[in-house]
Amino acid sequence: MIDIYFLGQACFRIKGKSTTVVVDPYNAAFTGLSPLKLEADIVCISHDHQDHSEKSVVKGAGEGADPFVISGPGEYEIQGVNIVGVSSFHDDKEGAERGRNVIYQITIDGVDIVHLGDLGQKKLTQAQIEEISCDVLLIPVGGVYTIDGKEAVEIVSQLEPKVVIPMHYKLAKLKFDLADVSQFLTAMGKEKPEQMPKYSISEDRMPEDMEIAVLEAANNK
């Protein structure tokens with residue numbers, strides 16, 4: 001069973017049977033969110049902004065070990081986890097405003113988890129779609145610096161995941177004025193579900209119909 005935890009902004013901890021991956025750890029002072037203190041085998045960084053790239057808060061899972069850090073496109077295999085980094089843009093002007101962003105497909109224990117980082121493209125290109133296989137989609141929905149809730153619906157339809165977990169939206173402690181997650185849920189035609197502390201999934205326990213899971217943001221409610 002894989003457990004997926006949301007820690008605020010775009011930071012997730014993904015815990016598999018024997019390997020833990022952290023994606024986009026944030027700087028607490030920059031974001032206003034509670035400080036992170038994490039352990040992981042692998043850290044993925046989508047781009048070099050302080051709310052996504054504070055790798056110093058993640059220690060290695062093994063005694064005396066440092067986590068393996070991935071911060072760019074390419075194919076990687078670490079401790080049985082396959083990771084594909086796909087180049088994308090932080091804005092809808094081919095990076096002219098905010099630069100590049102890396103989408104990560106993390107295949108862990110047979111489940112394909114896709115983290116879109118600070119995606120600003122309103123649509124993925126066909127070439128990007130062909131590089132991505134997606135069971136669980138971690139998608140920004142807050143607008144301002146990324147796609148917003150309505151634009152996220154188009155990306156969901158392009159990737160057709162089994163599970164959608166929104167991220168990068170308004171939180172009580174967050175310094176940035178992002179849109180609330182409810183905008184995305186309304187655009188998807190869903191009522192706001194009860195938040196859960198984690199989402200658990202395995203290769204042989206996939207939902208038949210697409211689910212939207214809103215996770216508690218650790219102690220950043």
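Structural remarks
- Only one of K59, K17 that is surrounded by fewer than 21 Cβ atoms within 10 Å (Cβ to Cβ), basic (K, R), in a strand (DSSP E or B) and in contact (Cβ under 8 Å) with a residue 12 or more places away in the chain: K59
- Matching residues in segment 183-218 - criterion: being without any contact (Cβ under 8 Å) to a residue 40 or more places away in the chain, more than 30 Å from E130 (Cα to Cα) and not aliphatic (A, V, I, L, M): E191, K192, P193, E194, Q195
- For segment 18-36, a residue qualifies if it is of a type in the set (S, T, N, Q) and closer than 19 Å to D48 by Cβ, and the qualifying residues are N27, T31.
- Residues that are modelled with pLDDT of 95 or more and more than 14 Å from the chain's Cα centre (by Cα) number at least 2 in the following strands (runs of 3 or more DSSP E) confined to segment 66-127: 68-70, 74-78, 81-89.
- Residue among V43, V84 that alone is touching a residue at least 12 places away in the same chain (Cβ under 8 Å), surrounded by fewer than 22 Cβ atoms within 10 Å (Cβ to Cβ), hydrophobic (A, V, I, L, M, F, W, C) and in contact with a strand residue (DSSP E or B) (Cβ under 9 Å, 6 or more places away or on another chain): V84
- Any hit, segment 149-161, residues being in a loop (DSSP other than H, G, I, E, B) and under 17 Å from the mean Cα position of the chain (by Cα): yes
The values are calculated or read from the model by the stated rules, or taken from the named source; none is laboratory data. Just so you know, these numbers come straight off a predicted model, no measurement behind them. Because the Cβ atoms are built from the backbone with ideal geometry, glycine has one as well, and the counts that use them run over all protein chains shown.
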